[in-house]
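J.: Here you go, one structure.
The values are calculated or read from the model by the stated rules, or taken from the named source; none is laboratory data. All values derive from a computational prediction rather than experimental measurement. Here the Cβ is made from the backbone with ideal geometry for all residues, glycine too, and neighbour counts use every protein chain on show.
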Amino acid sequence: MVKAVILVKSPKKLIAAKLGKLQYVYNSFPVSGQFDAVAFVQVDDLSQIREVTTKIQMIPGVERTETMMEIQ
């Protein structure tokens, strides 16, 4: 199991709600600061992190993402 946090920069107000509808995202919410939302992701395989990140980057209005993976 692989867990990651994906930070999302987007001026869209409802971006956190859109993130929460994606497969493998188990929590998301808006944040203040350099990024606008955060998505918590849990997948079975490391390659699936890339799939989730790509789906997020395809959401209209997403300007950039930054992914941080859990290290055990």
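J.: Can you pull out every residue in region 26-58 that is of a type outside the set (F, W, Y), within 20 Å of Q72 (Cα to Cα) and under 11 Å from the mean Cα position of the chain (by Cα)?
T.: A39, V41, Q42, I49, R50 - these are the residues of region 26-58 that are of a type outside the set (F, W, Y), within 20 Å of Q72 (Cα to Cα) and under 11 Å from the mean Cα position of the chain (by Cα).
J.: Hey, can you tell me all the residues within region 1-24 that are touching a Phe, Trp or Tyr at 6+ places or on another chain (Cβ under 7 Å), touching a residue at least 24 places away in the same chain (Cβ under 8 Å) and not basic (K, R)?
T.: Restricting attention to region 1-24, the residues satisfying the condition of being touching a Phe, Trp or Tyr at 6+ places or on another chain (Cβ under 7 Å) are 5, 7-9, 16.
This time we only want the ones that are touching a residue at least 24 places away in the same chain (Cβ under 8 Å), so: 5, 7-9.
Hits for region 1-24 are V5, L7, V8.
J.: Filtering region 50-61 down to residues that are of a type outside the set (G, A, S) and over 12 Å from L22 (Cβ atoms), which residue is surrounded by the fewest Cβ atoms within 10 Å (Cβ to Cβ)? Steps first, please.
T.: From region 50-61, those of a type outside the set (G, A, S) are 50-60; that's our starting set.
Those left that are additionally over 12 Å from L22 (Cβ atoms): 50, 60.
Working: R50: 12, P60: 8.
Among those residues, the one meeting the criterion is P60.
J.: I'm checking my understanding of the structure. Among residues of region 1-19 that are modelled with pLDDT of 95 or more and surrounded by fewer than 19 Cβ atoms within 10 Å (Cβ to Cβ), which one is nearest to G61 (Cα to Cα)?
T.: K9
J.: For region 56-68, what are the residues that are touching a residue at least 40 places away in the same chain (Cβ under 8 Å) and part of a helix (DSSP H, G or I)?
T.: Selection gives I56 alone.
J.: Just for region 1-29: of the residues that are among the basic types (K, R) and part of a strand (DSSP E or B), which one is nearest to Q42 (Cα to Cα)?
T.: First, the residues of region 1-29 that are among the basic types (K, R): 3, 9, 12-13, 18, 21.
The next check asks that each one be part of a strand (DSSP E or B); those that pass are 3, 9.
Details: K3: 4, K9: 20 Å.
Restricting to residues being among the basic types (K, R) and part of a strand (DSSP E or B), the top hit is K3.
J.: Follow-up. Please determine, by comparing only the residues of region 34-55 that are part of a helix (DSSP H, G or I) and either touching a helix residue (DSSP H, G or I) at 6+ places or on another chain (Cβ under 7 Å) or β-branched (V, I, T) (or both), which one is nearest to I6 (Cα to Cα).
T.: T53
J.: For residues that are in contact with a strand residue (DSSP E or B) (Cβ under 8 Å, 6 or more places away or on another chain) and loosely packed, with under 10 Cβ neighbours inside 10 Å, tally how many sit in region 23-44.
T.: The first filter runs over region 23-44 and keeps only residues in contact with a strand residue (DSSP E or B) (Cβ under 8 Å, 6 or more places away or on another chain), leaving 24-31, 34-44.
If we keep only those that are loosely packed, with under 10 Cβ neighbours inside 10 Å as well, we get 34, 44.
Adding up the residues that qualify gives 2.
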